[in-house]
Structures are given as structure tokens and as C-alpha cells.
Amino acid sequence: MLDQRLQPVMPYAALVFDCDGTLADTLSANENAWRAALAGWEVELDPAWYRARTGLSGDRLLAELETETGAELDYPAVRAAALDAYQWLIHTVTPHRQVSAIAEAHRGRVPMAVASGGARQAVEETLRVTGLRPLFDAVVTRDDVRHGKPAPDVYLLAARLLDVDPHACVAYEDTDEGVNSALAAGMTVIDVRPSLLGDT
């Protein structure tokens, strides 16, 4: 049975979903990937610190980590190492069934897109292993825009690719940064976090 809290309320013309933490449970895989990457710079990633910042883009995450630890990081190199590590952990990623069920129920009824703050390679791989990629008409990632979340860029581009006014879109998010990003784009936002409590 579909979670009524996640049901979009008419009128709307399109649905746009965040990927990590919304459509898919990628928390452990991403955390372990960043931890492995940062080990090369002798930086230890605190789980609580990381989990409070999962909505940030990779560069913003690393910038805050530099401020926190005093480390000097090579951003492209750390991102590449994290992406490589994620590929080894992709088998641990599963769909969030409560949210993916909404996308499945709307397949063919309205246009749908993914708007993610992650790297395209990781997002596409996540959608592939979870079997969700065929549901979406467009996939927008941090690689496609100038500014990541909480800027509205990924959501605005998703609406443009769907040929839908952003104000006619309902967005699904699981972080404060993501919610702010979708709101800044003019979309109605459904915060999935209450529905995912206890979701395995």
C-alpha cells in the first residue's frame, strides 16, 4: 500500500526525485566511500558529522571538512577516489520502497526526473542497480549544473528537460539542503524522511 504522506496532491504536471537517501538507501555506501577516499589524506570521517551533511555537494562537504580538520585536500582527487570506492560498494545499495513505489505508480502518467547532487557516474549506477532507471525521462546531476544543492540549479534543469514549469512540479527530498533547493526552484516539496523512519 502506498504511503499517503508521499502521495502528490493535484494539480501537478511532473514529479522530480532526489536519488541518494530518497529513491535509494545509499547512506552506508556513500559514507564508506568517502571514508576510504579520505584515508589517503589521513583524515578520519566522523559518522555523526557526515550524516548531518549528506545533502551537501562533494565540494561543499570537503570544504567543511577542511575547516573542521585543518587538512588540505585535493578536491578532484578525493572525489575520484570516493567515486571509485563507491563502485565497489554499489552492491549494498537498495531502493527505498516507500518512495520508489510512488515513482512506479506514476510511470506513464506524468513525466518524471531525477535531480541529484551526486556525480553522474554514481547516480546512473545507483539507478541501474536498483532497477529504477527506466522510470525516469531525465536524470540531472551535480555534473550538469554550475551550482549544486541548496542552489536550485538541478531542479530547474530537470523541469526544463521535462518541458514543465517548475511551479507545476512536486519534488521528493530527504535533506534540508535538498528541500531548500527544490523550494528555491519554485516546486512543491514532499519531505520523505517521516515515511522512511524504520524503512529497511
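Does any residue of region 22-38 turn out to be surrounded by fewer than 19 Cβ atoms within 10 Å (Cβ to Cβ), touching a residue at least 60 places away in the same chain (Cβ under 8 Å) and within 30 Å of L162 (Cβ to Cβ)?
Among the residues of region 22-38, not one is surrounded by fewer than 19 Cβ atoms within 10 Å (Cβ to Cβ), touching a residue at least 60 places away in the same chain (Cβ under 8 Å) and within 30 Å of L162 (Cβ to Cβ), which makes the answer no.
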Exercise. Within region 123-162, how many residues turn out to be without any contact (Cβ under 8 Å) to a residue 60 or more places away in the chain and of a type in the set (G, A, S)?
Worked result: 3
For this session: Could you check, for region 151-169, whether at least one of its residues is aromatic (F, W, Y) and outside any loop (DSSP other than H, G, I, E, B)?
Result: yes
For this session: Being modelled with pLDDT under 95 and of a type in the set (D, E) is the filter; apply it to region 131-179 and report the residue that is surrounded by the most Cβ atoms within 10 Å (Cβ to Cβ).
Result: D174
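Being assigned to a helix (DSSP H, G or I), out of contact with any Cys (no Cβ under 7 Å at 6 or more places or on another chain) and over 27 Å from L157 (Cα atoms) is true for just one of L83, L38. Which residue is that? First the steps, then the outcome.
Details: L83 fails: over 27 Å from L157 (Cα atoms).
After ruling out the rest, the residue left standing is L38.
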Exercise. From T54, T22, which residue is in the same structural domain as Y172 (by TED's automatic domain parsing), of a type in the set (S, T, Y) and either assigned to a strand (DSSP E or B) or within 14 Å of G118 (Cβ to Cβ) (or both)?
Worked result: T22
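Tally the residues that are assigned to a helix (DSSP H, G or I) and farther than 21 Å from W88 by Cβ, restricting the search to region 125-141.
Applying the first criterion (assigned to a helix (DSSP H, G or I)) to region 125-141 yields 125-129, 133-135.
Narrowing the set further to residues that are farther than 21 Å from W88 by Cβ leaves 134-135.
Here the count works out to 2.
The values are calculated or read from the model by the stated rules, or taken from the named source; none is laboratory data. Remember, it's a predicted structure, so these values are computed and weren't measured experimentally. Positions of Cβ are backbone-derived with ideal geometry, glycine not excepted, and every protein chain shown enters the neighbour counts.
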